[in-house]
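Taking it in order: structure first as structure tokens, then the write-up.
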Amino acid sequence: MSALSGYGRFSEPALLVSVSLLDGAKHGHAIVADVERFAGRRLGPGTLYGAIGRLERLGLVRALPDEGRRKPYRLTDAGLAEVRRAVDEMGTLAAHGQRRLRQLGTAG
């Protein structure tokens with residue numbers, strides 16, 4: 001199971017941050033705006049920077065040089081591999097869930 005899946009050592013915010021960083025480096029405010037746009041979730045500062053800190057400690061995200069008052073972050077190669085694993089796991093889970101829901105619909 002992936003460390004980002006929400007069922008392992010990390011929670012959903014780490015996965016949301018990682019998915020946001022798939023299309024390039026972003027600073028905190030841009031990550032929050034992107035996550036809200038694609039997931040409908042607003043990450044508070046504590047949640048956001050807690051997730052970023054955990055991702056950095058694992059070597060999945062790296063801080064880039066400051067841009068004024070903003071600090072951008074990007075996925076590392078290990079982070080990209082971890083996001084791929086997590087998304088694959090979620091796809092497998094979703095496919096099984098959809099299949100079982102269809103079975104319920106025909107059985108009920």
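Values quoted throughout were computed directly from the atomic coordinates according to the rules given, and no laboratory measurement underlies them. Predicted, not measured: the structure shown is a model, and the values here were computed from it. Don't worry about glycine lacking a Cβ; one is built from the backbone with ideal geometry, like all the others, and counts go over all protein chains shown.
Quick check on the chain: what does the Kirkwood estimate of hydrodynamic radius come out to from the alpha carbon pairs, in Å?
Final number for the Kirkwood radius of the chain is 14.7 Å.
Adding -39500 (n - 2.57) for every DSSP H run of four residues or longer, then dividing by how many residues the chain holds, sets the calculated 222 nm ellipticity at -20000 deg cm²/dmol. Is the range 38-94 rounded, prolate or oblate when judged by the Cα gyration tensor, a ≥ b ≥ c being the square roots of its eigenvalues, rounded requiring a/c under 1.5 and prolate requiring a/b larger than b/c? Oblate is the answer for the range 38-94, as a/c is 1.5 or above yet b/c matches or exceeds a/b. When peptides 18-29, 66-77 are sorted by average Cβ neighbour count within 10 Å, with the highest value leading, the order is 18-29, 66-77.
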